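> To start, I am sharing the structure in question, which I have written as structure tokens.
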Amino acid sequence: MTHFRPSLLSLVRDTVTDPRGSAGRVLSLAPPRAVLWEALGLVVILSVLLTELGELISPAPVDPMMPAFMHYPLAAAAVQGVLLIVTVHAIAVIGRVFGGTGDLDGALALTVWLQFVMVCLQVVQLVLLVVLPPAAGLLGIFGIGLFFWLLSHFVAVLHGFPSVMKTFGMILFSMIGIVFGMSLILSILGITLTGAMPDV
């Protein structure tokens, strides 16, 4: 029996048009966990490098609300990596709490693939920054919607949830709880997300 192995780009295209089917195909690959963690690190590095390249092409205005560490690539990569690790475990654990059947390896595989799709979107956005800057901003807005659209389908497939809309609601509820919890922990530790404020 022959095995059909689509190219990465064709799978990216299929992921956008058929997220449920593509999620199943990603899960069926079942690479070792160690490989998945390495892949997660790779997509984080690629994402940060593309973000820095975008800043070189079209510097964004300085945002005083932007965390100070986000202006440093290594710190940004570390923060993004930690957030993705939290996301992987949240998808696995919270999904099980709501009656899902997925596991950590599946959550990790789908998170890596979702981030790779977002990296591909970043590449397209960089091209648009050069040839058609206004369209790059619109693509960024589209990317936010695409992220939640794909995440909802991925979680639904991973845990066997029948309703994508209910899964989306669960994701939003969980994200609010996680952000609140992390903010509380950072406040207890005396860390603010807006950087150091000058003394007056």
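> Can you list the HN-Hα couplings for the range 17-31, worked out from phi with the Karplus curve (6.51, -1.76, 1.60; θ = phi - 60°), rounded to whole Hz and with x for Gly and Pro?
Result, ordered by residue: 8, 9, x, 5, x, 5, 4, x, 5, 5, 5, 5, 5, 6, x Hz.
> Taking the full set of protein chains and a 1.4 angstrom probe, give the accessible area of M182 in square angstrom, rounded to the nearest 10.
The value for M182 is about 70 Å².
> Could you give each residue of the range 147-153 its phi-based ³J(HN,Hα) in whole Hz, using Karplus coefficients 6.51, -1.76, 1.60 with θ = phi - 60°, and x for Gly or Pro?
4, 5, 4, 5, 4, 4, 5
> Can you put E52, E38 in order of accessible area, largest first, using a 1.4 Å probe? Please list the in-between numbers first.
Numbers: E52 65, E38 130 Å².
My answer, sorted largest first, is E38, E52.
> Could you please put D14, D103 in sequence from largest to smallest accessible area, using a 1.4 Å probe?
From most accessible down to least: D103, D14.
> Next question, about the same structure. Considering only protein heavy atoms, what is the solvent-accessible area of W37 at a probe of 1.4 Å, reported in Å² to the nearest 10?
Here the accessible area works out near 80 Å².
> Run a plain Debye calculation on the range 99-138 (Cα atoms as equal point scatterers, no solvent) and give log10 I(q)/I(0) at q = 0.15, 0.21, 0.28 Å⁻¹, rounded to two decimals, same order as the q list.
-0.50, -0.65, -0.86
The values are calculated or read from the model by the stated rules, or taken from the named source; none is laboratory data. Values in this document were obtained by computation on a predicted structure and should not be read as measured data. Heavy atoms of the whole protein, side chains included, go into the accessibility calculation; ligands, DNA and RNA do not. Shrake-Rupley method; radii C 1.70, N 1.55, O 1.52, S 1.80 Å.
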